Amino acid sequence: MKYVTPDLCDQYPDVQVVEPMFANFGGRDSFGGEIVTVKCHEDNSVVKSQVATPGKGKVLVVDGGGSLRRALLGDMLAGKAADNGWEGIIIYGCVRDVDVLAQTDLGIQALASHPMKTDKRDIGDLNVVVTFAGVTFRPGEYVYADNNGIIVAPHKLI
């Protein structure tokens, strides 16, 4: 489904708007769905386990602490997420393999690209409340993203 965040903001003025710091890296320029969260720092073990699960109607929101030193998502995990039906992934951190990500049928927004992969230490939290970019993301709420920005609502908007 195609989402236009300015139209959603006009229709639902009480939504939270994420501070404008994210760029689109995925093959979908708009995406939305139910929030599933991961909190991790320079270790994408929990991201890897989540993209291996069914994600239809869901968006993975990854709080990577804003780290610009490692990429929390690359071509292999993005491909697995797309294969498992995830709508998109929002990463408060970096991605890599950006040319392949742009061809992947998945919404991906992140701060930047970085060529270095993460360590795998199996450290991270799943489905905890995370806050970054001026917004709190709660599992079970909804997020919508396009090239205009990212918004969060306590219930499904469309």
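The values are calculated or read from the model by the stated rules, or taken from the named source; none is laboratory data. Note that the structure is a prediction, hence the values are computed from the model and not measured. As a convention, Cβ positions derive from the backbone with ideal geometry for all residues, glycine included, and neighbour counts pool all protein chains shown. For the accessible areas, the whole protein counts, side chains as well, though only heavy atoms, and no ligand, DNA or RNA atoms are used. Shrake-Rupley method; radii C 1.70, N 1.55, O 1.52, S 1.80 Å.
Before moving on, here are some points about what is shown:
- Sorting 127-136, 6-15 by average packing, meaning the other beta carbons within 10 Å per residue, from highest down gives 127-136, 6-15.
- Remark: C-alpha extents of segment 57-158 on the principal axes read 36, 27, 25 Å, sorted largest to smallest.
- Its residue count N sets the reference 2.2 N^0.38 Å, and the alpha-carbon radius of gyration of segment 109-158 equals 1.43 times that reference.
- Peptides 23-29, 105-111 ranked from most to least packed give 105-111, 23-29, packing being the mean of other C-beta atoms within 10 angstrom over each peptide's residues.
- Here the accessible area is traced with a 1.4 Å probe on the protein chains. For the chain, carbon and sulfur cover 49 percent of it.
- About the Cα centre, charge dipole magnitude for the chain (Lys/Arg +1, Asp/Glu -1 at Cβ), debye: 400 debye
- Only Lys, Arg (+1) and Asp, Glu (-1) charged, at Cβ; segment 99-152 dipole about Cα centre in debye: 160 debye
- Within the chain, percent of DSSP bridges classed antiparallel, to nearest 5: 50 percent
- A 1.4 Å probe run over the protein chains yields, for the chain, 46 Å² of accessible area per residue, whole-number rounding.
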